[in-house]
1. Once amide H atoms are placed 1.01 Å from N in the peptide plane, what residues at a sequence separation of 5 or more from residue 48, or on another chain, have their amide H within under 5 Å of its amide H?
2. Can I get the semi-axes of the chain's equivalent ellipsoid? Compute them from the C-alpha gyration tensor as square roots of 5 times the eigenvalues, in angstrom, largest first.
3. For segment 60-103 and segment 222-286, what is the separation of their C-alpha centers, rounded to whole Å?
4. Hey, what do the phi angles of segment 63-70 turn into as Karplus ³J(HN,Hα) couplings, whole Hz, using 6.51/-1.76/1.60 and θ = phi - 60°, x for Gly and Pro?
5. Counting Lys and Arg as +1 and Asp and Glu as -1, what is the net charge of the other residues whose Cβ lies under 11 Å from the Cβ of residue 164?
6. Taking the Cα centre of each part, how many Å lie between segment 441-508 and segment 151-195?
7. Below 8 Å between Cα atoms, with a sequence gap of 6+, how large is the relative contact order for the chain in percent?
8. Return the FRET efficiency for the residue pair residue 487, residue 309: r is the Cβ-Cβ distance, R0 is 30 Å, and the value is rounded to the nearest 0.05.
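All of the numbers you see were taken from the coordinates with simple rules; none came from a lab. Here the structure is a predicted model, which is why all the values come from computation and not from measurement. All Cβ positions, glycine included, derive from the backbone under ideal geometry; neighbour counts span all protein chains shown.
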Amino acid sequence: MRRMGCHGYCVLIVVLHVVALVRVSPALLQTATSDFSRDDFPPPPRFVFGAGSSAYQVEGAAFEDGRTPSIWDTFAHSGRYGDKNGDIACDMYHKYKEDVQLMVDTGLEAYRFSISWPRVIPNGRGPVNPKGVHYYSSLINELLSHGIQPHVTLFHYDIPQALEDEYGGWVSRKIVKDFTTFADVCFREFGDRVSHWTTMNEANVFVLGGYDKGVFPPGRCSSPFGSNCAGGNSTTEPYIATHNILLAHASAVRLYKEKYQAKQHGLIGLDILTYGLVPLTNSTEDEKAAERAHDFFHGWFLNPLVFGDYPESMKRNVGSRLPSFTPLQSKLVKGSCDFFGLNHYRTMYIKDDPGSLNMNQRDYLGDMGAQMLSKQGILPTGEFPIDPAGLQIVLENFKEVYGNPPVIIYENGQMTFHNASLDATLNDTSRVEYLEAFMGGLLQAMRNESNVKGYFVWSFMDLFELFAGPRSTFGLYYVDFDNPDLKRYARFSAHWYSSFLKGRRINQYLWHY
């Protein structure tokens, strides 16, 4: 995820992210490997290195070829990003062949992107837009023609605004049928060439930002938990939206497995955002608070998907505001992921907050009874602290608590802000330091038998970011948004990643190639 400054904003950031907790032996959290190469990881297709983006953030062409607005269009046009929006973004809709060539030049083995629902089915349901289908089919063919594996997400913050207007989108059970129909179109049109599907991106963060704090599309919240929202209920809607997302995911997966998987041979999962979670102190209170935080942010999605029900601490603290699964729903949701997508950026620290449980009106943070803190905050330059041990904690959690299912790191990267100097913008050594540390930590986790199948840098190029629009950047490639042609420039990190993918070892010598 992508951020600005502290103090209050850091608090907001922390409460919008999932956390992972596991009792880890210090021996497992070894210093990240600092001398490694592509050959130290399994070869493709057993393990792939890639980079990612999403439809609204890169495509542009917001009003072209039959596409209609999504909730992210509406959110952006409401002034949430000042006068900025994703109407043009990176114009990848028209530049996809050029951008795929950049991927080839970089040496990417895989590329993760999302399919815009309102581009494929403009009204949310009903007629399919052939021009939208043609675009994604062409993009997939272009990737495959260069040996790049497509990884496709069905929902990345952008359901059609038509469905939001009609019945409230994810807060209505009606979304399950419409999402399944959309998934069916995508499986039918593209599934013969797509090996990895994720139904949702960062599902946990989407519901917290979109329905509690109101800082993400569709911008729903209620006082005192959020502000500047046209409607919503922060005490109930995050739980309702989550329940409907899980049911929609399970419905789409059931369809895929019954109708497509045997002949298309693909895999399907769901993506969440994770934090390495550490109790702030060694006190029993903070340790128990960290366990609750794990249940509320991580187990909220993982427990139903692996075990068939929400964590007991959530059922106890949320009470009747937490929807319940019927026996049939539990059966459908349980085991509905062939793999899990994980987005990871940093570590957080948990402090017990028992007083929040005494409030008469609580949102999810009050229900959790804990505070999420960052010891280091966000650095003055806007960058994330480099702490790869957090990723090892998350992966150890998946191994020990959830049975070591296959996982793919779908997002990991370093945020910077655009610099007035082109040379300074391109010389992103902090991003290289960050990626090197986390890739080394990932390798250490895999040597400790974590079942990881891929690693994707967020993001392939600068794009329209969720928090700050075009002001903050994660791109390996710089996009000059002030240039009418939106010219792309390779950053130092793009050259570094390319050298790694082409066989150079990651060590001090690589810094001087």
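1. 454, 455
2. Values: eigenvalues 183, 159, 108 Å².
So the three semi-axes of the chain are 30, 28, 23 Å.
3. 25
4. Along segment 63-70, the couplings run 10, 9, 6, x, 5, 10, x, 9 Hz.
5. Details: positive: 220; negative: 73, 158, 165, 166.
With Lys, Arg at +1 and Asp, Glu at -1, the neighbours total -3.
6. 28
7. Numbers: 1087 pairs, mean separation 110.2, N = 513.
Relative contact order, the chain: 21 percent.
8. Values: r = 51 Å, r/R0 = 1.71.
Here the calculated transfer efficiency is 0.05.
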